[in-house]
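Participant: Structure in structure tokens, see below.
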Amino acid sequence: MQHNGLTMDPLQPRVTGTSTIESSGARYDSGARTGATLALLRELESSLVVSQQALLTRDLEGMQRGTEQQKRLQHELLVLWDTETGQGSGVQESAWFLPGKPSPKELQGSAELAVAIGRILHLARVQAGLLIRAQRSLKLISRLLTGPQINYEPPATHTIAAPGFNPVFRSGTGLNKEVRCRA
Amino acid sequence: MSSLNASLATALSGLNADQGALEATSNNVANINTPGYSREEPILVSSDPVVEDPLTFGTGVTLQSIESIRDPILESQIQQETQTQGQLNALVSALQQTQVNFTSNTGGDIGTAISNFFDSINQLATDPSDLSLRQGVLTAAGNLATSFNTTANQLTTQSTSLDDNVVSTVNQINQLTQQIAQLNGQISALQNAGETAGTFVDQRQQAIDQLSSLVDVSVIPSDNTLTLTTANGTALVAGQQSFQLSTQPNSSGLQDIYSQGSDITSTIVSGQLGGLLQARDQQIPAIQSQLDTLAAGLANAVNGVQTAGFDLNGNQGTDLFNPPPASVTGAAASLSVAITDPSLIAASSDATAGNNANADAMYALGNQSIISGQSPSDYYSGIVFDVGNATSEATAEQSASDQALQQLNDQRASVSGVSLDEEAANMVQYQEAYQASAQVITTVNDMMYAVINMTTLTG
């Protein structure tokens with residue numbers, strides 16, 4: 001739904017309704033511009049989905065690959081928009097993913113473009129959430145490994161938890177196991 | 001000294017050990033679909049040998065223990081993520097309901113009502129003496145007030161509903177902490193007696209998982225038992241004792257949460273309870289406050305212009321809306337039209353019937369920055385956008401939480417879950433070992449029979 005030009009759902013950014021960019025510096029017709037942008041956004045969307053899987057499975061190479069791909073795509077988008085808007089110095093990088101503050105120039109284009117931007121925004125937020133969790137997970141493991149019972153022997157490669165981490169769960173051969181004695 | 005009896009005892013130990021191992025396997029298979037069940041693994045060790053120079057004889061096998069396979073780090077991560085998920089579920093659900101409040105008003109949404117109100121004044125400016133146009137302004141003003149009232153009341157209703165949920169969540173927490181304390185006692189008693197407590201440990205872990213989805217929980221393990229606190233350190237369970245939470249109404253009529261006489265409401269930030277409190281105490285009041293600001297600002301601005309003009313009878317104008325409270329609080333819920341006579345609308349600036357200057361001035365308010373530096377429509381659009389944005393952010397966060405939790409649960413299943421293939425292989429292995437031990441016993445029995453016969457013959 002719309003309220004005076006504003007959408008209820010910020011995943012559907014404000015669209016001015018025109019498909020013609022009225023910038024004097026525009027070199028391409030709006031259809032070509034929109035098409036090129038959509039293609040890049042689709043690629044970015046796929047890249048973010050793949051990155052999320054890599055992040056969940058702690059696939060470091062996949063994460064690295066995804067980040068590089070996203071940086072490249074972001075750069076291409078910035079160049080494209082810079083060309084389109086003829087602003088010379090270019091669009092502020094942060095403006096692309098700044099929730100709630102889309103610039104009018106960015107939001108010109110088709111409804112399809114707006115939907116694509118909304119999807120990217122959602123995926124970027126999910127990605128941010130997953131990154132925060134990965135960081136939290138690393139902190140937890142780091143705290144456990146540098147706990148008060150640390151010793152300076154080389155760690156066993158298969159040991160996950162520091163010995164004695166949890167008195168209820170006595171460490172076995174890597175996985176902590178609760179010992180259940182038989183009567 | 002090696003003897004047939006010793007061989008018999010050794011074979012018997014094999015039978016017992018394999019029987020126990022098969023029991024563990026059978027328990028694993030039986031619990032393959034039991035939520036929270038952790039796979040059991042029999043630990044077999046060879047019995048102490050007997051040394052008789054120059055020979056050493058083995059004395060069989062002992063089933064030392066049955067271990068439940070768990071990864072405490074994984075459990076801790078699952079617990080943490082479950083808390084986040086519980087909080088986000090409650091928050092997203094509340095925000096989605098709030099969004100509905102802004103779209104499903106029977107009298108139209110506030111944004112449309114604001115536009116209609118100023119449009120009706122614009123119409124009046126074309127013919128200020130037309131009573132039907134004047135009536136149109138009153139109707140639009142009434143609709144505007146109704147829109148504000150409806151939305152504000154819906155938010156209040158939602159807040160009350162969230163408050164009810166807070167109470168029921170606290171009750172659920174109390175039931176679970178009581179259950180965990182009871183399980184602590186059972187586990188402690190069994191483990192102190194050297195008995196198996198794995199089933200109770202699984203049950204306790206499940207109860208902790210459930211509790212984590214309701215409130216932020218920290219688990220502090222100690223010998224054979226667990227202490228649970230909120231993230232802020234409020235005790236929930238200490239060994240076999242549970243500490244009940246309670247609720248008491250505050251000055252606003254909403255329920256605050258108490259633990260042993262202390263108000264801990266503001267310290268609960270995670271789990272379903274955290275989400276409910278966040279929506280009830282932060283999100284909804286913020287929206288209500290913005291709506292009140294809009295309603296009061298709009299009413300005061302319109303009243304200001306109205307009282308500066310003259311009505312159709314040439315009298316000084318009176319308030320169009322009943323003045324909102326000075327504190328602004330409750331302005332949206334109480335907004336109402338003060339006049340019922342359409343001739344009292346002050347469209348004129350010089351007391352002549354055909355003058356429309358004051359109507360024009362009133363219409364101009366629609367585009368003036370009269371509410372915190374914004375026009376009424378823009379300010380309202382900002383509220384709507386903020387609600388949508390908060391919902392989208394929370395939804396994305398919820399999606400991240402769901403994915404992370406799914407991944408962690410998959411990891412737990414790979415560590416602690418039962419694999420039928422593995423259990424089938426174990427079953428065959430133990431069965432064959434059992435048969436072999438039985439064959440040894442049969443053989444020893446035959447040998448004993450031969451010895452006995454030999455003794456009889458020689459005797």
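Participant: What does region B:224-342 give for Rg and for Dmax, in Å, if only its C-alpha atoms count?
Facilitator: 24.1, 88
Participant: Find which of B:Ile121, B:Val217, B:Gln99 sits farthest along the positive direction of the dipole of chain B, computed with +1 on the beta-carbon of Lys and Arg, -1 on that of Asp and Glu, about the Cα centre.
Facilitator: B:Ile121
Participant: Apply the Kirkwood formula to region B:117-231: the hydrodynamic radius equals the inverse of the mean of 1/r over all pairs of different alpha-carbon atoms; give it in Å with one decimal. Please report the intermediate quantities before stating the final value.
Facilitator: On the way: mean 1/r = 0.0522 Å⁻¹.
Hydrodynamic radius (Kirkwood, Cα pairs) of region B:117-231 is 19.2 Å.
Participant: How far, in nm, would the chain grow between B:Gln368 and B:Met448 when pulled straight, counting 0.36 nm per residue and subtracting the alpha carbon separation?
Facilitator: 17.7 nm
Participant: Just how far, in whole angstrom, is region B:214-284 from region B:161-212 if you go by their alpha carbon centroids?
Facilitator: 15 Å
Participant: Would you kindly derive the ³J(HN,Hα) couplings of region A:61-74 from the backbone phi angles with the Karplus curve 6.51 cos²θ - 1.76 cosθ + 1.60 (θ = phi - 60°), listing them in order in whole Hz, with x for Gly and Pro?
Facilitator: Values, residue by residue: 5, x, 5, 4, 4, x, 5, 5, 4, 5, 5, 5, 5, 4 Hz.
Participant: So, one more: Just to be sure I follow: if Rg is taken over the C-alpha atoms of chain B and Rh is the Kirkwood radius over the same atoms, what is Rg/Rh?
Facilitator: Result for chain B is an Rg/Rh of 1.34.
Participant: Per residue, how large is the accessible surface of chain B? Use a 1.4 angstrom probe and give square angstrom.
Facilitator: On a per-residue basis, 43 Å².
Participant: Okay, moving on. Work out the length of the dipole vector of region B:153-253 about its Cα centre, built from +1 on the beta-carbon of each Lys and Arg and -1 on the beta-carbon of each Asp and Glu, and round it to the nearest 20 debye.
Facilitator: 100 debye
Participant: Another question, then. Against the longest principal axis of chain B, how steep is helix B:420-458, in degrees 0 to 90 to the nearest 10, with axes from Cα atoms?
Facilitator: 20 degrees
Participant: Hey, with R₀ at 22 Å, roughly what FRET efficiency would A:Val49 and A:Val79 work out to, going by the Cβ-Cβ distance, to 0.05? If you can, show how the numbers build up before the last one.
Facilitator: Numbers: r = 24 Å, r/R0 = 1.08.
According to the calculation, E is roughly 0.40.
Participant: Another question, then. Quick check on chain B: of the DSSP beta bridges with both residues there, what percent are antiparallel, nearest 5%? Don't jump to the answer; show the numbers that get you there.
Facilitator: Numbers: 32 of 32 bridges.
Around 100 percent antiparallel, to the nearest 5.
Participant: At the nearest 100 Å², what buried accessible area, both sides summed, do you get for B and A when the probe is 1.4 Å?
Facilitator: Summed over both sides, the interface buries about 4400 Å².
Participant: Sticking with this structure for a sec: Once you have the Cα-Cα distance between B:Leu4 and B:Leu420, take 0.36 nm times their residue separation minus that, and quote the gain in nm to one decimal.
Facilitator: Length difference between fully extended and current span is 145.9 nm.
Participant: Taking the Cα centre of chain B as origin, work out the dipole magnitude from +1 charges on Lys and Arg Cβ and -1 charges on Asp and Glu Cβ, in debye rounded to 20.
Facilitator: 780 debye
Participant: Treat each spin label as a single point 7 Å out from the Cα along the C-beta direction, and report the B:Asp48 to B:Ala338 distance in nm.
Facilitator: Using points 7 Å along Cα→Cβ, the separation is 9.9 nm.
Participant: What dipole magnitude, in Debye to the nearest 20, does region B:6-135 give about its Cα centre under +1 on Lys/Arg Cβ and -1 on Asp/Glu Cβ?
Facilitator: 540 debye
Participant: Can you give the direction-averaged projected area of the convex hull of the alpha-carbon atoms in region B:379-459, in nm²? It would help to have the intermediate numbers written out before the result.
Facilitator: Details: hull surface 32.3 nm².
For region B:379-459, averaging the hull's shadow over all directions gives 8.1 nm².
Participant: With the crude spin-label approximation of a point 7 Å out along Cα→Cβ, what separation in nm comes out for B:Gln439 versus A:Ala36?
Facilitator: About 7.9 nm separates the two model spin labels.
Participant: Sticking with this structure for a sec: When the C-alpha atoms of region B:42-97 are aligned to their principal axes, what extent does each axis show, in angstrom, from largest down?
Facilitator: 83, 14, 7
Participant: OK, next. Report the Rg/Rh value for region B:278-406, based on alpha-carbon coordinates and the Kirkwood definition of Rh. Provide the component values of the computation, followed by the final result.
Facilitator: Values: Rg = 20.0 Å, Rh = 16.8 Å.
Rg divided by Rh gives 1.19.
Participant: Taking amide H positions as placed in the peptide plane 1.01 Å from N, state which residues far from B:Gly417 in sequence (5 or more) or on other chains have amide H under 5 Å from it.
Facilitator: Under 5 Å from the amide H of B:Gly417: B:Arg39.
Participant: Right, here's the next one. Once both labels are modelled 7 Å past Cα along the beta-carbon direction, what's the B:Thr56-A:Ala134 spacing in nm?
Facilitator: 5.1 nm
Participant: Still on this model: Determine, from the Cβ-Cβ distance of B:Asn192 and B:Val100 and an R0 of 56 Å, the FRET efficiency 1/(1 + (r/R0)^6), rounded to the nearest 0.05. Walk me through the numbers before you get to the answer.
Facilitator: Working: r = 55 Å, r/R0 = 0.98.
With R0 = 56 Å, the Cβ-Cβ based efficiency is 0.55.
Participant: Based on the Cα atoms of region B:364-404, what semi-axes does the equivalent ellipsoid have, where each is the square root of 5 times one gyration tensor eigenvalue, given in whole Å with the largest first?
Facilitator: Equivalent-ellipsoid dimensions as semi-axes: 34, 6, 4 Å.
The values are calculated or read from the model by the stated rules, or taken from the named source; none is laboratory data. Worth saying up front: this structure is predicted, and the values here are computed from it rather than measured. Using ideal geometry, Cβ is built from the backbone for each residue, glycine included, and neighbour counts are taken over all protein chains shown. Heavy atoms of the whole protein, side chains included, go into the accessibility calculation; ligands, DNA and RNA do not. Shrake-Rupley method; radii C 1.70, N 1.55, O 1.52, S 1.80 Å.
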